[in-house]
Amino acid sequence: AQSVAQPEDQVNVAEGNPLTVKCTYSVSGNPYLFWYVQYPNRGLQFLLKYITGDNLVKGSYGFEAEFNKSQTSFHLKKPSALVSDSALYFCAVRDLRSNDYKLSFGAGTTVTVRA
Amino acid sequence: DSGVTQTPKHLITATGQRVTLRCSPRSGDLSVYWYQQSLDQGLQFLIQYYNGEERAKGNILERFSAQQFPDLHSELNLSSLELGDSALYFCASSFMPGDSYGYTFGSGTRLTVV
């Protein structure tokens, strides 16, 4: 079984401050990990992924995420948040051992960046 | 534009009715996934097709069915609709099942059952 937990429903930060959105995962084997962002009335947009290699993954719009195997975490970070980063963020995981290929998503974290 | 096309964008229908949601995958993608997004359940995986064949089933109700056609477009059929079926239905596609590049999502169909 595979699952994702996003412990915070909401994250509020001031523009220019660092932004962190937390994600922990559970899989039987090795994980593929993804972050997606959803703006109002839009579909999910891919931000970044971790497959193998460097634990620090860089993605779109200045976002990065750090894979931590011992803590089973994949937190999303941005050094300096913008008002335009306000959106709903989803972490997702796929277990490489599973026979199906579905992504399991977390419940989502609403990020609000105030000017 | 992500390349994944979903129609219609909005649908309002009455309880007990049947609707069909359509998805055209990104050009070259062979695999299609359907997800339901509701306020209380979050994003739930419904079903996956690869090159016309069903590959995986998630939390899909028996009142719901789907198929992928030879031209690779997919349809999700929802019947005997209930108020609780109101949600945003997303289609996603990838070249291969479990493509490590992740999936490309459409903009969704917002279904409202009244």
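The values are calculated or read from the model by the stated rules, or taken from the named source; none is laboratory data. All values reported here derive from a predicted model rather than from experimental measurement. Cβ placement follows ideal geometry from the backbone for every residue including glycine, while neighbour counts extend to all protein chains displayed. For accessibility, only protein heavy atoms count, side chains too; no ligands or nucleic acids. Shrake-Rupley method; radii C 1.70, N 1.55, O 1.52, S 1.80 Å.
Between residue B:69 and residue B:112, what is the FRET efficiency for a Förster distance of 22 Å, r being their Cβ-Cβ separation, to the nearest 0.05? Present the calculation step by step, with values, prior to reporting the outcome.
On the way: r = 27 Å, r/R0 = 1.20.
The formula returns an efficiency of 0.25 here.
When ligands, DNA and RNA are left out and all protein chains stay put, how many square angstrom of accessible area per residue does the protein assembly as shown have with a 1.4 Å probe? Walk me through the intermediate numbers first.
Details: 10890 Å² over 229 residues.
I get 48 Å² per residue for the protein assembly as shown.
Partner shielding of B:41-52 amounts to 3, given as the average count of beta-carbon atoms from other chains within 10 Å of each residue beta-carbon. Between the residues A:28, A:4, A:67, the greatest Cα displacement towards the positive end of the dipole of chain A, with unit charges on the Cβ of Lys, Arg, Asp and Glu, is found for A:28. The phi-based Karplus calculation (6.51 cos²θ - 1.76 cosθ + 1.60; θ = phi - 60°) puts the 3J(HN,Hα) values of the range A:37-51 at 10, 10, 8, x, 6, 10, x, 7, 10, 5, 9, 6, 8, 10, 10 Hz, whole numbers, x for Gly and Pro.
Take peptides A:55-63, B:39-47 and line them up by average Cβ neighbours within 10 Å, highest first, as a rough protection proxy. Could the numbers behind the result be given before it?
Values: A:55-63: 14.2, B:39-47: 15.9.
Result, highest mean first: B:39-47, A:55-63.
Nearest 100 Å² is fine: what is the total accessible surface buried where chains B and A meet, probe 1.4 Å? Present the calculation step by step, with values, prior to reporting the outcome.
On the way: alone 6190 and 6270 Å², together 10890 Å².
About 1600 Å² of accessible surface is lost on pairing.
What is the percent carbon and sulfur in the accessible area of the range B:49-114, measuring with a 1.4 Å probe over the protein chains and ignoring ligands?
Numbers: 1400 of 2950 Å².
For the range B:49-114, the apolar C and S fraction of the accessible surface comes to 47 percent.
Placing pseudo-labels 7 Å out from each Cα toward the beta carbon at residue B:18 and residue B:44 gives an inter-label distance of 2.2 nm. For the segment A:18-31, counting C-beta atoms of other chains within 10 Å of every residue's C-beta and taking the mean gives 0.
Could you tell me which trypsin sites (Lys or Arg not before Pro) in the range B:20-93 are loop residues by DSSP with no more than 10 other beta carbons within 10 angstrom of their beta carbon? Sparse-neighbourhood loop trypsin sites (Lys or Arg not before Pro): none present. Legend: mean number of C-beta atoms from other chains within 10 angstrom of residue C-beta atoms, peptide B:27-35, equals 1.
Expressed in nm to one decimal, what extension gain is obtained for the pair residue B:57 and residue B:83 from 0.36 nm per residue of sequence separation less their Cα-Cα distance? Walk me through the intermediate numbers first.
Values: separation 26, 0.36 × 26 = 9.36 nm, distance 2.28 nm.
Computed gain between residue B:57 and residue B:83 is 7.1 nm.
What a 1.4 Å probe finds exposed on chain A is 46% carbon and sulfur by accessible area, rounded to a whole percent.
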